[in-house]
Amino acid sequence: VLELLARMGVMKFRLMDMDRYEISNLNRQILATRSTLGFWKVDIAAARIRDINPYAEIELLIREKANRENVERFVKGADVFILGTDSPSSILLFHEFVRKYKVPLVDGHCISVIGGTVQVFDYRDPKQVCRVRLFRSPIFNAFARKVLGGEKEIEQFTDEELEQLDIGRLPSASLGFVTNLIACVVVSETIKLLTGIGK
């Protein structure tokens, strides 16, 4: 996603990821190479953006797990938020704050090896509702109900409950071409939001 956005001339980026590159990333993540293994993903991403466009600005780099404090700082003042996490707690936190600050969110993720989905939540529209339970897998939703005892508004989740969601998540797998196809659709939807052109 960031590769395409940088090449299209996007000038400001905020990057957040708590992970370093691992060998398992080599099959699908464009910035994962033997030379990037062990390095922070956000540092490699920032270097790639600057290598494409030295005039682009990296406004913020966060190398830690999402929590209410860093997510609020990350989201506040953003034009568009692109969600690319598989952490249930992060998904809920990001939706909480993009809704609070009325930031459009584009969510793209791969499911079941060769599938994927992209959804847009334009929180600038007061009629936009958050349907987190509808756009994640039934396994995620069933686990959330089991751990939390039912559905809640995002803001009602305690930090301990969010942590429980992450403990119970199942690993996902995808193929490189699926990841790249989903990224292209994410970028397309992001450009529509930034320019106001297109449905």
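Which residue is nearest to residue 187 (Cα to Cα), if the candidates are limited to segment 119-131 and must be among the hydrophobic types (A, V, I, L, M, F, W, C) and open to solvent by 40 Å² or more (accessible area, probe 1.4 Å)? Among residues in segment 119-131 that are among the hydrophobic types (A, V, I, L, M, F, W, C) and open to solvent by 40 Å² or more (accessible area, probe 1.4 Å), the one nearest to residue 187 (Cα to Cα) is 120.
When residues in segment 14-23 are screened for being over 19 Å from residue 69 (Cα atoms) and surrounded by 12 or more Cβ atoms within 10 Å (Cβ to Cβ), 3 of them pass.
Modelled with pLDDT of 95 or more and touching a Ser or Thr at 6+ places or on another chain (Cβ under 9 Å): is that true of residue 5 in this structure? Answer is yes for this residue. When 42, 1 are checked against the criterion of being out of contact with any helix residue (DSSP H, G or I) (no Cβ under 7 Å at 6 or more places or on another chain), β-branched (Val, Ile, Thr) and surrounded by 15 or more Cβ atoms within 10 Å (Cβ to Cβ), a single residue qualifies: 42. Can residue 93 be described as crowded, with 21+ Cβ neighbours inside 10 Å and touching a His at 6+ places or on another chain (Cβ under 8 Å)? No, not satisfied. Given the criteria surrounded by 17 or more Cβ atoms within 10 Å (Cβ to Cβ), at pLDDT below 75 and among the aliphatic types (A, V, I, L, M), does residue 173 qualify? Taking the combined requirement at face value, the residue does not satisfy it.
Filtering 47, 66 for residues that are of a type in the set (A, V, I, L, M, F, W, C) and not in a loop (DSSP other than H, G, I, E, B) leaves a single hit, 47. Scan segment 8-27 for residues that are over 22 Å from residue 81 (Cα atoms), touching a helix residue (DSSP H, G or I) at 6+ places or on another chain (Cβ under 7 Å) and either modelled with pLDDT under 95 or hydrophobic (A, V, I, L, M, F, W, C) (or both) and the total you get is 1.
The values are calculated or read from the model by the stated rules, or taken from the named source; none is laboratory data. Here the structure is a predicted model, which means the values were calculated and not measured. Every residue, glycine as well, gets a Cβ built from its backbone with ideal geometry; the counts of neighbours run over all protein chains shown. When the accessible area is computed, the model is the full protein with side chains, heavy atoms only, and any ligands, DNA or RNA have been set aside. Shrake-Rupley method; radii C 1.70, N 1.55, O 1.52, S 1.80 Å.
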